[in-house]
1. Out of all the residues in the range 77-102, which are touching a residue at least 40 places away in the same chain (Cβ under 8 Å), out of contact with any Gly (no Cβ under 7 Å at 6 or more places or on another chain) and not aliphatic (A, V, I, L, M)?
2. What is the one condition in (1) touching a Leu at 6+ places or on another chain (Cβ under 6 Å); (2) surrounded by fewer than 24 Cβ atoms within 10 Å (Cβ to Cβ) that Q221 does not satisfy?
3. Looking at the range 375-404, I want the residues that are charged (D, E, K, R) and have a partner that is surrounded by 15 or more Cβ atoms within 10 Å (Cβ to Cβ) and in a loop (DSSP other than H, G, I, E, B) with Cβ atoms under 7 Å, at least 6 apart or on another chain. Which pairs are those?
4. Tally up the residues in the range 40-71 that are at pLDDT 55 or above and aliphatic (A, V, I, L, M), please.
5. Can you give me the number of residues within the range 328-355 that are within 22 Å of L451 (Cβ to Cβ) and under 24 Å from the mean Cα position of the chain (by Cα)?
6. State all residues of the range 330-353 that are small (G, A, S), part of a strand (DSSP E or B) and crowded, with 23+ Cβ neighbours inside 10 Å; if no residue qualifies, say none.
7. Among the residues of the range 222-236, what is the count of those that are touching a Gly at 6+ places or on another chain (Cβ under 6 Å) and hydrophobic (A, V, I, L, M, F, W, C)?
8. Modelled with pLDDT of 95 or more, farther than 27 Å from Q408 by Cα and not charged (D, E, K, R), is that true of G347?
Amino acid sequence: MQLLTVRQSASETPPHRRRGPARVLPALLAAALALVSPALAGCASGGGSSSDARHPDGTVVRVPQDFPSVQKAVDVAHEGDTVLVSPGTYRESVRITKPRIVLRGTDRNTVVLDGGVRLVNGVTVTGPGSVVENLTVHGYLANGVLFTGVTDEKLQQRGAGGSAYNPLDTTRFPALQGFRATKVTAYNNGLYGIYAFDARAGVIEDSYASGGADSGVYVGQCKPCDTLVRGNTVERNAVGIEITNASDNLYFLGNRVVGNRVGVTVNSNDLEALAPQHGAVIAGNAVTDNNASDTPEQADGGFGIGIGIGGGTANRVERNLVKGNRSAGVIVTDPPGHPAAGNRIQGNHAEGNGVDLVLASADAGNCFTGNSAPGQPATQSPESLEAQAACDAQSRSPLTAGRAAPVQAPPGVPFSQVQAPPAQPSLPDPNAPGRPATDLPGPVDPDAYPLPATADAVLKR
């Protein structure tokens, strides 16, 4: 099975991706965009700053106390300001184009941006150093929160940062420098919950993503990425965490990835820019029971996989709890044109999967060592994989390609009908001064993230 992750939702088709030269806008999204009048477009997706709007005293702009909509407050805010949003449901899309804006809810669970399965993106951030935190975003046809250097709004309206399966023009659209998502709840969105595309020097932390028809958290097309994804919960997505053509100084640490169709994918893809993928560290995560049927369909048909590397290179997969995934715990494969190479799978606890460890690639220096639970040898394909492809081996014999356990994926559900999440922890002091996304991610120590004992223990460090 190829792990180039392409998704589709079950019925209200969002802008999903297909194997082919271009992404196809489905009927629902096209109809939605056609119905947006110029006046409504300014309201729904962010117009220019109003010349009449008066900035309040200080560095905090409040919604609805100062301005009735989030977008109007963002338009008036100065660089470095905090836009502080009080509880309510805001049926709008928001675009943050100024640098160092902090968009924050006063309560994570009751400050809600609602796309109504009609608007395309929830919050689109192109302003360097800007932040989205302590709020909920759901019901958008494409993305809940999008961080991107693609500043062309027409390309953004295609739903995925504008790549449209054409190589990213990195000269026209240099990467967004500096971003942060903290304590964001993103659920039931038609592509990604939290999406960093053509963006670097960022952090996605302590957030929750479910009901993503593509993936809950996605980091793609950055090199170097200089990005840290830590302490998040992703569940009931087609894929929990997706990493495509994202390379170097990239860390996924201490996340809870449970009850998706596929847990984590690491991909190289020639249909987009910056392939091959290289150099991510995936450590200290719980990746368990990714066999959920109450999820949007995964368009490649993937189901029951914990961690899949499809053509990724020189990645480290260490100290993860990988358990209860019906097809494979950790699997390494070769998509066309991108042999997986130099991946190090070491010190994980792989137990109770269809096959715990699978090397289904051409064996270009991928290694597996010490991935068994205490007293429970990991199941392996090919047999004796860890003996033949040990990470400290001086030489080894060629291996035949292994196979995952065959699993029939059940039908999915529409992304908008995935179960809503429970309340999530809010910021302890929403009135504290805003902290823009500068000098991120800071020092990162993967060794500080131990092997979790259980899926629930991973967030209690």
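The values are calculated or read from the model by the stated rules, or taken from the named source; none is laboratory data. Please read these numbers as outputs of a predicted model, since none were measured by experiment. Every residue, glycine as well, gets a Cβ built from its backbone with ideal geometry; the counts of neighbours run over all protein chains shown.
1. G80, D81, E92, listed by residue number.
2. The number of the failed condition is (2).
3. Close Cβ pairs satisfying both conditions: E386/N371; R396/A389.
4. Qualifying residue count for the region: 5.
5. 13
6. A350
7. 1
8. yes
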